[in-house]
1. Being hydrophobic (A, V, I, L, M, F, W, C), over 22 Å from Cys130 (Cα atoms) and open to solvent by 20 Å² or more (accessible area, probe 1.4 Å) is the filter here, so list the residues in the stretch 38-57 that pass it.
2. Just checking, how many residues over the stretch 21-69 are part of a strand (DSSP E or B) and either touching a residue at least 40 places away in the same chain (Cβ under 8 Å) or of a type in the set (Lys, Arg) (or both)?
3. Here is a list of conditions, (1) more than 22 Å from Glu144 (Cβ to Cβ); (2) in contact with a helix residue (DSSP H, G or I) (Cβ under 8 Å, 6 or more places away or on another chain), and Trp74 meets all of them except one; can you say which number that is?
4. Within the stretch 70-82, how many residues turn out to be assigned to a loop (DSSP other than H, G, I, E, B) and within 20 Å of Gln49 (Cα to Cα)?
5. Is it the case that some residue within the stretch 143-156 is at pLDDT 90 or above, hydrophobic (A, V, I, L, M, F, W, C) and either surrounded by fewer than 23 Cβ atoms within 10 Å (Cβ to Cβ) or part of a loop (DSSP other than H, G, I, E, B) (or both)?
Amino acid sequence: ITPHHFMLQCPQPQTTMIKPTESQVAEALEQHGLWLSDPSRGKKAEFLQMDLRHICFAGVNLRHAAIVGCDFMWTSFEGADLQHACLQRCDFSYCSLFSANLAHSNLLASRFVGATVCDASLGHAKLPFCDLRNADLGDASLNEVDLCGAIGNRAEVQSMNIGPYPVA
């Protein structure tokens with residue numbers, strides 16, 4: 001499977017970075033929540049090529065969201081639900097994804113440099129060509145994760161689970 005295969009699954013980003021206001025992000029999250037409960041009432045969240053640094057996404061429900069080419073440096077996603085989300089080419093450097101649910105998400109070519117991904121659920125997630133250097137994956141669940149072409153420090157890959165097998 002090539003990177004092109006994964007790129008076809010998500011919207012393509014715009015060419016310029018947009019900086020939405022916190023109220024615009026809050027409105028998009030509210031509409032997404034409505035869409036999750038009844039697709040005829042709300043709108044699926046789409047964040048394309050946006051500067052979302054320092055905005056708190058802790059505990060939010062972004063299942064099935066389309067998020068491509070966004071900058072989330074220093075953002076909190078603690079306890080967030082990102083299952084089945086498209087999160088391609090995003091920068092999660094120095095983010096806290098502690099206890100986040102990223103199961104079945106598509107994270108193609110995203111950056112997690114120095115991110116805290118402890119106790120996160122990444123089962124069946126696609127992380128090809130991701131940059132995981134200095135990311136803390138302590139107790140992260142990586143059951144059937146696609147890490148093809150991902151880069152990282154072997155010394156940082158500790159106390160995570162791949163399938164039923166702990167990695168020490």
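The values are calculated or read from the model by the stated rules, or taken from the named source; none is laboratory data. These numbers come from a predicted model, not from an experiment. Glycine also receives a Cβ, built like all others from the backbone with ideal geometry; neighbour counts cover every protein chain displayed. Please note that ligands, DNA and RNA were not included when accessible areas were found on the heavy atoms of the full protein model with its side chains. Shrake-Rupley method; radii C 1.70, N 1.55, O 1.52, S 1.80 Å.
1. Hit for the stretch 38-57 is Cys56, nothing else.
2. Qualifying residue count, the stretch 21-69: 2.
3. Of the numbered conditions (1) more than 22 Å from Glu144 (Cβ to Cβ); (2) in contact with a helix residue (DSSP H, G or I) (Cβ under 8 Å, 6 or more places away or on another chain), the odd one out for Trp74 is (2).
4. The qualifying residues number 7.
5. Among the residues of the stretch 143-156, at least one is at pLDDT 90 or above, hydrophobic (A, V, I, L, M, F, W, C) and either surrounded by fewer than 23 Cβ atoms within 10 Å (Cβ to Cβ) or part of a loop (DSSP other than H, G, I, E, B) (or both), which makes the answer yes.
Residues are listed down the side, and each one gets a yes or a no for (1) modelled with pLDDT of 90 or more; (2) open to solvent by 10 Å² or more (accessible area, probe 1.4 Å):
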| residue | (1), (2) |
| --- | --- |
| Leu108 | yes, no |
| Thr116 | yes, yes |
| Ala120 | yes, no |
| Leu132 | yes, yes |
| Pro164 | no, yes |
